[in-house]
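Colleague: First, the structure itself, so that you have it in front of you.
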Amino acid sequence: MSNAYSIIVCAGLAPDPLQRLEPMDTPTGPALKNEMMLPAVLDPWAACALYEADNLAKKLPGSKVYLVSMALKTKLQQVMMVLSQKVPFELVAIDGPSNGFTDARECASELAQAIEAIPGLDKDKMLLFGGWESATRAAGATMQILGEKLGVVDQFQGVDKIEIEPSGAIKLWERVEGGKQQVSLCESAPVMVGWATGELPEPPNNPQVGMANMRTVMPALQKAKSAAASSSALKFKGVTLPAQVRETRIEKDMPVEAIAQELVTWIRGN
Amino acid sequence: MAQVERQKLEADIVCVGMGPATGGFLTTLTKEISEHQGESYLDSKVMPGMPLQVLCYERADDMGFGVSGVVSRARGIKQSFPDIDWSQIQMAAPVKGEKLAYLLDPIGASCRSGLFKFSDTLIRSLKAVLPYKDEALEMPFIPPFMEKHGGAVFSIGQFNQWVGMNLMSSGQVQIWPGMPVEKPLVENKKVKGVRLVNQGVEKSGAETEMFMPGMDIEAALTVVGDGPVGAVGQYLDEEFGMPQGHHKHEWAVGMKFVVQLRDDVDLEPGTVFHTFGYPEPEVFGFMYIYPGKVASLGIFIPSWFDNPVRTAYRYLQHWMMHPYIWKHVKGGTLKSWGAKSLQESGITGEPHLCGDGYARIGEGSGSTNVLTGSGVDEAWTTGTQLAEGVIELLKAGKPFTKENLEATYVAKRRASWVQEEGKVAEKSRNGFSYGVIPGLIGMSLAGFSKGLLNIPAKLVAPHKRYKSLEQYFAGKLSVQKIAEIREICKKANKTIHDEIMNACGWPEIPYDGTLLVTQQDALLIGGKVQAQGGFADHVEFIDTDICKGCGMQVCVEICSAQAIAPGEEGVPVFDREKCVHCGACLWNCSQELPQGHGVTNVKFGAGCGGLHSVEN
Amino acid sequence: MDQGELSMDKILLIAHTEANGSLSKASLEALTCAKDLAASLSTTFAVGVFGENTAKALEQIGSCGAEKYLSVSGADFKDARYATDSYAVEGIYRKAQASIVIAAGTSRMNRVIPGVAHRVEGVAELHVSSIAGSATELTATRWLYRQRIEAVITRASRPWFLGVDSGNYTAWTGSTSAVTAESVATEAPAACKRSKVVGLESPGSGEQTIKPDAELLMVAGAGWTKKQADGTVHAQEARKTILGFLSKSGASLGGSKAMVDLDSENREAFNFMTHLNQIGQTGTSPRHQKGLSTCCHGEEPHAVGWRFINERRAVNLDANCGWARGKADVLYVADAFAVMAKVNELLSK
């Protein structure tokens, strides 16, 4: 039995870490202030999914990695300049919103349409990858809905590790409560895998990979389909930054012993 | 560990650094490629049947990360984009008004000379009749050579992104950020391409299981636009030397904040402020107003400011809190922060502009005009000139030899306004080697006489100028006081500049966590500084024994990001995760190596990471 | 389906049993949420439980006042498996025909809620921190952008499935009472059993450092791995101090991203710290009564990872650290190596 898969990684974009985020109201709903100026990265969990997909594809000859991403085209182009150097993939681009105010259901719907349109896709050999949450919407819902839309009923969330056995059975390690991992064995593809951080470091930038990817990335961006206008019944009543500021007592010159004593008293709840 | 083979890639043209100069080069080249698609002179030599293969490697993690705001006449830029609409670029506006102000010292802590003190007294006594307000004297006019009317204020970061995105969309070139270039590949005095840095290594450079040796990119032409402290430019300077009489002795470190101003601040976008006189007479300041009530503001610390503890960060905060600036900025929010070295030798710092297989453009090629205070437009223009030269050579089917590049690119540059105005500026700042007032007089002489008059001076490298703390602060701080401060800081293993400034009477900064933040918070809140793993440290102290005997440690004091800290036995400690790649350590090392040639004990190489902000 | 009249809302709580057959604290919190909401909407609520054997769990909440109890009980539903769990939840929903479905945000429920909501043409929200109902509107509060932006949302669409994060409601308590539950299903179709749960593992060095029920969270920042005042790294000393503190205080351990992404130079000494310990950014935002941050400078621990920590203290060498100021209750400006060693000594007494 051939163990060659179509590994489809769904990934949005997120603001580069450490950026200051500020919501604002627009006629079409909430948005991030200066969104176009905020440097963006591939959503961190989805990026882990991509690196894991690449790692898997290398082990399973004949496998191919697709990156399906919905974001504003200009932002997507920018992120691709860095990302394309990391691992080989074929981009399927959707020109649409990538901020956290988009409904997971609508995002899943766009992704499903784009995936269904991949020529020659054999869903029985599909590994559907994504992040278990996004760093923007933080809903943790898109991948499950997408899985359902594509008829994938073996779904796993918070995955840190995957192994494909010679029989085609798929072993997965999912994060569960208490810092533990539940280990499952699924008979065969298709499966949906919502990745936590995985176990792989970020790959180095490889100029040859970049050159190869760019041959498909720019055409994919050029023919990116625009996402349908939002028809969501999701309404934001309020979007705010947490304003709570604590009165911080700063102890500058307290001796170590006194700090330790105070901490122990506090820890013990006395 | 298994030996990993070094890979090789062939291209027609490889560019190093995606700044304004390379932007100008690639914009001109891609326009030609787009307009003449399919013509044989634009065919690739390395990939037959394909169009010209043009690659550009940028060390920063994205295009436009970590550069600064600018006011520019933008003549060259407008030539490339005759219909440029500044409103289509974020953080840009046409120049609406320019002000030049002399800032008095409202605190009394600066090391002003008697002449400055006298001027301050005189100005204050005549304030009823002078345009004096908020401890500042606004000059009635701006010298015409400094004026930027008709130009624009803009963020180089945003501009670079705009240019880069257009270039990538054209599909004619590939720009790869996050990919530092280690050095040029030089064979028999010919440049054959570049070598990228190793990846998958420890900070020490030791290989890990992820090791990937830096790839060799071979190309018929290497375009070097990696700025004033770029690794490739440095390598070429060492390899080929500088032309007779040329040197890079004058530098500055520019540090800036980007601030969201209060809603009630009514400064018009495009308003420009230039200041001098405070926090120290040697420190020049600027503030540009962008649309959306955003200001880019900062200072320059020049290499002829002889204070050996010349840390820019605290000076920047004191400058920002000067009443003349503070009235606009107070109550604002820090959006971004950054720092950069500027090569201020101008045309005197011009290296060999080309050689077999390579050409140099932009700031590292000595294009900055030190009289008009303009560099971006000049850099851009040198890039366009090289592209025009390259197109000529491609059409003629001639190779990129030194001779051919000189006959095209260099000839165009020599015949242009960049050269003409660079010559006017050539000696305009020499007076600063004697002090601020001779410097200002020299600039005026050169500016008004179009370079015919200047103050002659023999310029020396920064490391030959340093005075000791005791010498510099003579009359301000006693030798005993300085010794005490040294002892306190040594015990606490911290830099000395804060204690020195406190002793001079500078007040503590009232941190508010929003606009006035610590230097470490500026890294995270303002600069969003990050460093990826897998790369070696790009700052090295070549001979640690020299560090042990140094005693001055200007590298530690100048470090814009506190990335270089005092270490054991006087050997500084470098923390890559804080470095913003300003390169100030390179020209602020006081220890020249025994071989001479101005090479000092700090090796500043190519590394990725640094600022993650394009708001500048 | 759209429902204009809010007063028509019917509420359903769905919960799964734990390994011992009971309901978790998180599920009991969700029960409080459902009960409160029913009260504020002047409506009733139903409860559906699934698992290998639901009898104990149903008895546990038998006095909660639910209008109706539904059950999916059988060996097929023992393990947390998407296909069987979604089959159970879908079955319970279809039987109850509620418009608002509430569940605890456990890993097991979060995995199935959105998919089931899609199957029944409904909508779903996870990581909800509160639900408020009035005569005219139902709103849910949840965080976007990794706990940086708080949003209050509403939907006209029904059914609306809501996964409520633990720690936001008081767990329901009440006497046990026998109930008669309507059985919805006792086994799942074969197509739902392509996957099998084969075990539960604790990754890392074997040290159990993540303790969700601990009162205290210790956050270790990258400062533990940096060169100290003497210019050298004290990795082994840091290891001993951190692990010593965890064992003596019973605290759970969180780490900044830098700490869990250590390069190989430091990885061995800190091998008890895995990606599962990470808080903030791509990590978690755990809920604990107290949090002690040590050697942290940066956003993750203080801004995002600390969002749900009630009492916060920090030990840091930078008095002006903008990340601790305004975010912590007390900032001790001191060397964490010395302070924590002393704390360990005192805790041993």
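The values are calculated or read from the model by the stated rules, or taken from the named source; none is laboratory data. Treat the numbers as computed from the prediction; the structure is a model and nothing was measured. Heads up, the Cβs are rebuilt from the backbone with ideal geometry, glycines too, and the neighbour counts pull from every protein chain shown. For the accessible areas, the whole protein counts, side chains as well, though only heavy atoms, and no ligand, DNA or RNA atoms are used. Shrake-Rupley method; radii C 1.70, N 1.55, O 1.52, S 1.80 Å.
Colleague: Checking the conditions here, which among B:109, B:93 is part of a loop (DSSP other than H, G, I, E, B) and away from chain A (no Cβ under 14 Å)? Explain how you work it out, then say what you get.
Modeller: Numbers: B:93 fails: part of a loop (DSSP other than H, G, I, E, B).
Going through B:109, B:93 in turn, the sole match is B:109.
Colleague: Here's a check for you: in the range C:57-104, which residue that is open to solvent by less than 40 Å² (accessible area, probe 1.4 Å) and facing another protein chain (nearest Cβ under 9 Å) is farthest from residue C:28 (Cα to Cα)? Walk me through how you get there before you give the answer.
Modeller: Step one: list which residues in the range C:57-104 are open to solvent by less than 40 Å² (accessible area, probe 1.4 Å), which gives C:57-58, C:61-62, C:64, C:66, C:69-74, C:76-77, C:80-86, C:88-93, C:96, C:98-104.
Next, from what is left, pick out any that are facing another protein chain (nearest Cβ under 9 Å): C:80-83, C:86.
Working: C:80: 18, C:81: 21, C:82: 22, C:83: 24, C:86: 20 Å.
This residue is C:83.
Colleague: Let me ask something additional. Name, by its number, the condition in (1) open to solvent by 10 Å² or more (accessible area, probe 1.4 Å); (2) aromatic (Phe, Trp, Tyr); (3) not in a loop (DSSP other than H, G, I, E, B) that does not hold for residue A:101.
Modeller: Unmet condition: (3).
Colleague: One residue is enough: does the range A:124-144 have a residue meeting the conditions within 8 Å of another protein chain (Cβ to nearest Cβ), open to solvent by less than 10 Å² (accessible area, probe 1.4 Å), of a type in the set (A, V, I, L, M, F, W, C) and in a helix (DSSP H, G or I)?
Modeller: no
Colleague: Let me ask you something else. How many of the residues in the range A:24-37 are assigned to a loop (DSSP other than H, G, I, E, B) and either touching a Lys or Arg at 6+ places or on another chain (Cβ under 9 Å) or of a type in the set (D, E, K, R) (or both)?
Modeller: Of the residues in that region, 2 qualify.
Colleague: Among the listed residues B:412, B:427, B:395, identify the single one that is part of a loop (DSSP other than H, G, I, E, B) and in contact (Cβ under 8 Å) with a residue 24 or more places away in the chain.
Modeller: Working: B:412 fails: part of a loop (DSSP other than H, G, I, E, B); B:395 fails: part of a loop (DSSP other than H, G, I, E, B).
Being part of a loop (DSSP other than H, G, I, E, B) and in contact (Cβ under 8 Å) with a residue 24 or more places away in the chain holds for just one of B:412, B:427, B:395, which is B:427.
Colleague: Okay, next question. For the range C:140-194, which fully contained strands (runs of 3 or more DSSP E) count at least 1 residues that are touching a Gly at 6+ places or on another chain (Cβ under 6 Å), free of Cβ contacts under 8 Å to residues at least 60 places away in the same chain and open to solvent by 10 Å² or more (accessible area, probe 1.4 Å)? Break it down stepwise before answering.
Modeller: On the way: elements: C:149-155, C:160-164, C:182-185.
In the range C:140-194, the matching strands (runs of 3 or more DSSP E) lie at C:149-155.
Colleague: Restricting attention to the range B:24-39, which residues are open to solvent by less than 70 Å² (accessible area, probe 1.4 Å) and either over 28 Å from the mean Cα position of the chain (by Cα) or more than 23 Å from residue B:224 (Cα to Cα) (or both)?
Modeller: In the first step, residues of the range B:24-39 are kept if they are open to solvent by less than 70 Å² (accessible area, probe 1.4 Å); the result is B:24-30, B:32-34, B:36.
The answer is B:32, B:33, B:34, B:36.
Colleague: So, in the range C:234-253, exactly how many residues are within 11 Å of another protein chain (Cβ to nearest Cβ) and in contact with a helix residue (DSSP H, G or I) (Cβ under 6 Å, 6 or more places away or on another chain)?
Modeller: Residues of the range C:234-253 that are within 11 Å of another protein chain (Cβ to nearest Cβ), as a first pass: C:245, C:248-253.
Next cut, in contact with a helix residue (DSSP H, G or I) (Cβ under 6 Å, 6 or more places away or on another chain) only: C:245, C:248-249, C:253.
Of the residues in the range C:234-253, 4 are within 11 Å of another protein chain (Cβ to nearest Cβ) and in contact with a helix residue (DSSP H, G or I) (Cβ under 6 Å, 6 or more places away or on another chain).
Colleague: Identify all residues within the range B:56-78 that are surrounded by fewer than 24 Cβ atoms within 10 Å (Cβ to Cβ) and facing chain A (nearest Cβ under 9 Å); write none if there are none.
Modeller: B:61
Colleague: Hey, which of the helices (runs of 4 or more DSSP H) in the range B:498-616, taking only ones fully inside, have at least 1 residues that are surrounded by fewer than 19 Cβ atoms within 10 Å (Cβ to Cβ) and among the charged types (D, E, K, R)?
Modeller: Values: elements: B:544-548, B:554-558, B:584-587.
Those helices (runs of 4 or more DSSP H) span B:544-548.
Colleague: Can I ask one more? What do you reckon, is residue C:267 of a type in the set (Lys, Arg) and in contact with a Phe, Trp or Tyr (Cβ under 7 Å, 6 or more places away or on another chain)? Full working, then the answer.
Modeller: Working: of a type in the set (Lys, Arg): yes; in contact with a Phe, Trp or Tyr (Cβ under 7 Å, 6 or more places away or on another chain): no.
No; evaluated as a whole, the condition is false for this residue.
Colleague: Shifting gears a bit: Which numbered condition trips up residue C:310, out of (1) in a strand (DSSP E or B); (2) crowded, with 20+ Cβ neighbours inside 10 Å; (3) more than 10 Å from chain A (Cβ to nearest Cβ)?
Modeller: (2)
Colleague: Another question, then. Give me the pairs: first residue in the range B:568-594 and at positive phi, second residue crowded, with 22+ Cβ neighbours inside 10 Å and of a type in the set (D, E, K, R), beta-carbon distance under 9 Å, and six or more apart or on different chains, which are they?
Modeller: B:581/B:59; B:581/B:340; B:583/B:340
Colleague: Could we say that residue A:39 is open to solvent by 20 Å² or more (accessible area, probe 1.4 Å), within 14 Å of chain B (Cβ to nearest Cβ) and under 28 Å from residue B:174 (Cβ atoms) here?
Modeller: Here the answer is no, as residue A:39 does not meet what is asked.
Colleague: A follow-up question, please. Kindly evaluate residue B:192 against the criterion of being crowded, with 18+ Cβ neighbours inside 10 Å, modelled with pLDDT of 95 or more, away from chain A (no Cβ under 13 Å) and at negative phi. First the steps, then the outcome.
Modeller: Numbers: crowded, with 18+ Cβ neighbours inside 10 Å: yes; modelled with pLDDT of 95 or more: yes; away from chain A (no Cβ under 13 Å): yes; at negative phi: yes.
So residue B:192 fits the description; yes.
Colleague: Moving on to the next point. Out of B:393, B:459, which single residue is buried (at least 18 other Cβ atoms within 10 Å of the Cβ), within 22 Å of residue B:350 (Cβ to Cβ) and either polar (S, T, N, Q) or at pLDDT 85 or above (or both)? Reasoning before the result, please.
Modeller: Numbers: B:459 fails: either polar (S, T, N, Q) or at pLDDT 85 or above (or both).
Result: B:393 is the single residue among B:393, B:459 that is buried (at least 18 other Cβ atoms within 10 Å of the Cβ), within 22 Å of residue B:350 (Cβ to Cβ) and either polar (S, T, N, Q) or at pLDDT 85 or above (or both).
Colleague: Hey, among C:309, C:279, which residue is under 25 Å from the mean Cα position of the chain (by Cα) and closer than 22 Å to residue A:195 by Cα? Steps first, please.
Modeller: On the way: C:309 fails: closer than 22 Å to residue A:195 by Cα.
C:279 is the lone residue from the list that is under 25 Å from the mean Cα position of the chain (by Cα) and closer than 22 Å to residue A:195 by Cα.
Colleague: Turning to a different aspect of this structure: (1) buried (at least 21 other Cβ atoms within 10 Å of the Cβ); (2) closer than 30 Å to residue A:25 by Cβ: which one isn't true of residue A:80, the others all being true?
Modeller: Here residue A:80 meets the rest and fails (2).
Colleague: Okay, moving on. Inspect all residues belonging to the range B:147-157 and state whether any of them is assigned to a helix (DSSP H, G or I), surrounded by 14 or more Cβ atoms within 10 Å (Cβ to Cβ) and within 14 Å of another protein chain (Cβ to nearest Cβ). Lay out the reasoning, then the answer.
Modeller: So in the range B:147-157, the residues assigned to a helix (DSSP H, G or I) come out as B:156-157.
Pick out the ones that are also surrounded by 14 or more Cβ atoms within 10 Å (Cβ to Cβ) and you get B:156-157.
Those still in the list that are within 14 Å of another protein chain (Cβ to nearest Cβ) too: B:156-157.
Scanning the range B:147-157 turns up at least one residue that is assigned to a helix (DSSP H, G or I), surrounded by 14 or more Cβ atoms within 10 Å (Cβ to Cβ) and within 14 Å of another protein chain (Cβ to nearest Cβ).
Colleague: Counting only residues that are at pLDDT below 95 and part of a loop (DSSP other than H, G, I, E, B), which one in the range B:40-51 is surrounded by the most Cβ atoms within 10 Å (Cβ to Cβ)?
Modeller: Applying the filter and picking the extreme gives B:47.
Colleague: Somewhere in the range B:1-20, is a residue outside the structural domain of residue B:410 (by TED's automatic domain parsing), among the β-branched types (Val, Ile, Thr) and in contact with a strand residue (DSSP E or B) (Cβ under 9 Å, 6 or more places away or on another chain)?
Modeller: Checked the range B:1-20: at least one residue is outside the structural domain of residue B:410 (by TED's automatic domain parsing), among the β-branched types (Val, Ile, Thr) and in contact with a strand residue (DSSP E or B) (Cβ under 9 Å, 6 or more places away or on another chain).
Colleague: Test residue C:318 against the criterion of being among the acidic types (Asp, Glu), more than 24 Å from residue C:144 (Cα to Cα) and touching a helix residue (DSSP H, G or I) at 6+ places or on another chain (Cβ under 9 Å), and give yes or no.
Modeller: Numbers: among the acidic types (Asp, Glu): yes; more than 24 Å from residue C:144 (Cα to Cα): yes; touching a helix residue (DSSP H, G or I) at 6+ places or on another chain (Cβ under 9 Å): yes.
Against the criterion (among the acidic types (Asp, Glu), more than 24 Å from residue C:144 (Cα to Cα) and touching a helix residue (DSSP H, G or I) at 6+ places or on another chain (Cβ under 9 Å)), residue C:318 qualifies.
Colleague: Tell me, which strands (runs of 3 or more DSSP E) lie completely within the range B:236-347 with 2 or more residues that are closer than 22 Å to residue B:517 by Cα and open to solvent by 30 Å² or more (accessible area, probe 1.4 Å)?
Modeller: Values: elements: B:251-260, B:271-276, B:284-290, B:294-302, B:333-343.
Of the strands (runs of 3 or more DSSP E) lying wholly inside the range B:236-347, those with at least 2 residues that are closer than 22 Å to residue B:517 by Cα and open to solvent by 30 Å² or more (accessible area, probe 1.4 Å) span B:333-343.
Colleague: Here's another thing I want to ask about it. Examine the range C:248-271 for a residue that is part of a strand (DSSP E or B) and surrounded by fewer than 23 Cβ atoms within 10 Å (Cβ to Cβ), and state whether such a residue exists.
Modeller: First, pick out the residues of the range C:248-271 that are part of a strand (DSSP E or B): C:252-255.
Among the residues that remain, those that are also surrounded by fewer than 23 Cβ atoms within 10 Å (Cβ to Cβ) are: none.
Scanning the range C:248-271 turns up no residue that is part of a strand (DSSP E or B) and surrounded by fewer than 23 Cβ atoms within 10 Å (Cβ to Cβ).
Colleague: Having 2 or more residues that are free of Cβ contacts under 8 Å to residues at least 12 places away in the same chain is the bar; report the strands (runs of 3 or more DSSP E) wholly within the range A:174-270 that clear it.
Modeller: Where strands (runs of 3 or more DSSP E) fall fully within the range A:174-270 and carry at least 2 residues being free of Cβ contacts under 8 Å to residues at least 12 places away in the same chain, they are A:180-186, A:234-240, A:249-251.
Colleague: With (1) at pLDDT 90 or above; (2) over 24 Å from residue A:71 (Cβ atoms) as the list, and residue A:205 as the residue in question, which single condition is left unmet?
Modeller: Of (1) at pLDDT 90 or above; (2) over 24 Å from residue A:71 (Cβ atoms), only one is false for residue A:205: (2).
Colleague: Given the conditions (1) open to solvent by 10 Å² or more (accessible area, probe 1.4 Å); (2) at the interface with chain C (Cβ under 7 Å from one of its Cβ atoms); (3) part of a strand (DSSP E or B), report the number of the one that residue A:158 does not fulfil.
Modeller: (1)
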